[in-house]
Structures are given as C-alpha cells and as structure tokens.
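Structure first, commentary second.
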C-alpha cells in the first residue's frame, strides 16, 4: 500500500492528553474510520472524502491534510503543544476570574492559626500542629 506521506505530520491529542502524529493518508484514513460513529458529522465526512480522493489521485496529499486539520480543530483534538494539566489549570483560573471567585483558601473554624489553611493534622486529631 502506498503510504503517500504528508510534508509534515499532523499532531493530535488522544487519550489522556497523549500526542499522536498522523503522517500519511493511510494513517489518516485509519484514524478517521476509528472515530466514534456517534461523534461523526459533516466535517468528518468531508475529511474522509478528501482522504479517499487523495488516495485515488484526485486531490493532493496536502489538500487532504488540510481537511484533516480542519476536522481535528472542529473536534478539539488538534495538538496545541500545551500540557493538558496546565491547560486545565489555566481554564479553571480564567473561569474563576470571570465568576469573581478566588482560588485561595479562606480561613474557617477548622483553619490552622499557623498557616491559615485547613491542616490534615488538625482535621485528623482536632488539634493544631
């Protein structure tokens, strides 16, 4: 099978933030066919048709690659290069800033007078450390 490599692989996020490179039409086609049927839509169909057309010689591999990138962006799986944990933390901070809540812990009746936080030692034994 002719691989028809892309000029540059398309990096996508799979699983728990792991990166996968799609470097050829064959890899693109396999990925598109593995995509969950419930999540398929018009953009998925367009990208898959572009892949089939490129494999048949009616489109260039670069045109199919661009269709795959559009699909990956729409699906939210295009690799951004940002660590997923960092991205989630930044999203939470931005959400808190919009809602006006603070990410800091507030002193309460269970707060430690030494560090102004709820200490595990205090919670466990009901005494300060």
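Quick notes on this one:
- Breaking point among (1) over 25 Å from residue 19 (Cα atoms); (2) surrounded by 12 or more Cβ atoms within 10 Å (Cβ to Cβ); (3) modelled with pLDDT of 75 or more; (4) not assigned by TED's automatic domain parsing to the domain that holds residue 25, for residue 116: (3)
- Verdict on residue 53 being part of a helix (DSSP H, G or I) and at pLDDT 95 or above: yes
- Qualifying residue in the stretch 86-96 (condition: modelled with pLDDT under 95 and part of a loop (DSSP other than H, G, I, E, B)): no
- Residue within the stretch 11-28 that is part of a helix (DSSP H, G or I) and either under 24 Å from residue 82 (Cα atoms) or under 21 Å from the mean Cα position of the chain (by Cα) (or both) present: yes
- For the stretch 59-89, residues that are out of contact with any helix residue (DSSP H, G or I) (no Cβ under 8 Å at 6 or more places or on another chain), surrounded by 12 or more Cβ atoms within 10 Å (Cβ to Cβ) and farther than 22 Å from residue 35 by Cα total 4.
- Within the stretch 48-67, not a single residue is touching a residue at least 60 places away in the same chain (Cβ under 8 Å) and touching a strand residue (DSSP E or B) at 6+ places or on another chain (Cβ under 8 Å).
- The residues of the stretch 17-34 that are in contact with a helix residue (DSSP H, G or I) (Cβ under 7 Å, 6 or more places away or on another chain) and either without any contact (Cβ under 8 Å) to a residue 40 or more places away in the chain or loosely packed, with under 11 Cβ neighbours inside 10 Å (or both), listed by number, are 25, 29, 32.
The values are calculated or read from the model by the stated rules, or taken from the named source; none is laboratory data. Being a predicted model, the structure only gives us computed values, none of them experimental. Virtual Cβ from ideal backbone geometry, glycine too; neighbours counted across all protein chains shown.
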